[in-house]
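Worksheet: one structure, shown below.
The values are calculated or read from the model by the stated rules, or taken from the named source; none is laboratory data. Everything numeric in this text was worked out from a predicted model, so none of it was measured. Note that we place each Cβ from the backbone using ideal geometry, even for glycine, and neighbour counts take in every protein chain shown. Remember, those area values only see protein heavy atoms, side chains included, never the ligands or the DNA or RNA. Shrake-Rupley method; radii C 1.70, N 1.55, O 1.52, S 1.80 Å.
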Amino acid sequence: MNGRQLNFRLAGINNQNFIMRDEETGSWWQQVSGACIQGELKGTKLAPVFHDELTFGLWQREKPNGRVLRPDEKILAAGKYESDWESQIGKMPVNVSQQLDKTLEPRSLVVGIKVNGESKAYPMSALEKQSPIIDRLGDKQIVVVLGADKKSVRAFDAEIDGRKLEFFIKPDAPDFQLTDAETASVWDFSGKAASGELAGKQLQKIASLKDYWFDWKIYNPNTTVYDLGNR
């Protein structure tokens, strides 16, 4: 932050996402937004870094030589890691200072996406019924896809080299494959064309966040919700 490296520790949980505290100033930061909410650095915001949230099996297939962050064996042996706290988060009561939006059940899982200042929530239940989802958001045509594991989700800009593409799941494929209607090129879950006219081309990834509906709505109050019924 402003040329200063900060080191963070978990300080607590607010609206079921982390509050981090930096060791240098003692300031508190909200996980979901990266914003400093209390302390010397209040009003500043950490720059986001693109990330994927994937199952380990899918990640391992894509990155067979990837490195894995493991627990420290000494701390593990001493029993100093907290145990079973994560499973309790989903059981915590929803306790927020504003009235909940009833568009979806509070703990419905959604994939939240923001493009050019516009935000939209894509319910996981919708993706399970229809993948890929082709949609317009923030003046972009995007494609949202559910992986073969039915848990991992990615979103891409559906325009490449000035051409808007319409995607479909390739039927009877042994693994996840998309094909586009315009060139019949075949695309994998990483957004890369493996064969066809566009072979070697890479779709631009768009950041997404799998979150509870109530949490996404709190931090994105003007969000809309994708509705299969309006297609």
Rounded to the nearest 0.05, FRET efficiency between SER195 and ARG70 (Cβ-Cβ, R0 41 Å) equals 0.65
Radius 10 Å from Cβ of GLU197, net charge of other residues (Lys, Arg +1; Asp, Glu -1): -1
Whole-Hz ³J(HN,Hα) for each residue in the stretch 9-20, computed from phi via Karplus 6.51 cos²θ - 1.76 cosθ + 1.60 with θ = phi - 60°, x for glycine and proline: what do you get? 9, 5, 10, x, 10, 9, 6, 6, 9, 5, 9, 9
Sorted by chain and then number, the residues having a modelled amide H within less than 5 Å of the amide H of GLN38, at least 5 places away or on another chain, are TRP28
Report the dimensions of the stretch 126-231 along its three principal axes from the alpha-carbon atoms, largest first, rounded to Å. 43, 30, 24
Residue-normalised 222 nm signal for the chain, counting each DSSP H run of n ≥ 4 as -39,500 (n - 2.57), nearest 500 deg cm²/dmol, is -3000 deg cm²/dmol
For labels at GLU23 and GLU166 in the simple 7 Å Cα→Cβ model, what's the distance in nm? 5.6
With every protein chain in place, the accessible area of GLU159 for a 1.4 Å probe, in Å² rounded to the nearest 10, comes to 80
Residues in the stretch 114-139 near a label at LEU228, defined as backbone nitrogen under 14 Å from the 7 Å Cα→Cβ point? 122-134
HN-Hα J couplings of the stretch 66-77 from phi, Karplus 6.51/-1.76/1.60, θ = phi - 60°, integer Hz, Gly and Pro as x? x, 9, 10, 7, 10, x, 5, 4, 5, 5, 4, 5
Under Karplus coefficients 6.51, -1.76 and 1.60, residue-wise ³J(HN,Hα) of the stretch 137-152 in Hz, glycine/proline x: 8, x, 6, 10, 8, 10, 10, 10, 10, 9, x, 4, 7, 6, 10, 7
Diffusion constant of the chain at 37 °C, which comes from Stokes-Einstein with the Kirkwood Cα-pair radius and 0.692 mPa s, µm²/s: 164
Mind checking which of LEU127, SER152, LEU46 is farthest towards the positive end of the chain's charge dipole, using Cβ charges of +1 (Lys, Arg) and -1 (Asp, Glu) about the Cα centre? LEU46
Return the inverse of the average 1/r over all pairs of distinct C-alpha atoms in the stretch 1-59, which is the Kirkwood hydrodynamic radius, in Å to one decimal. 12.5
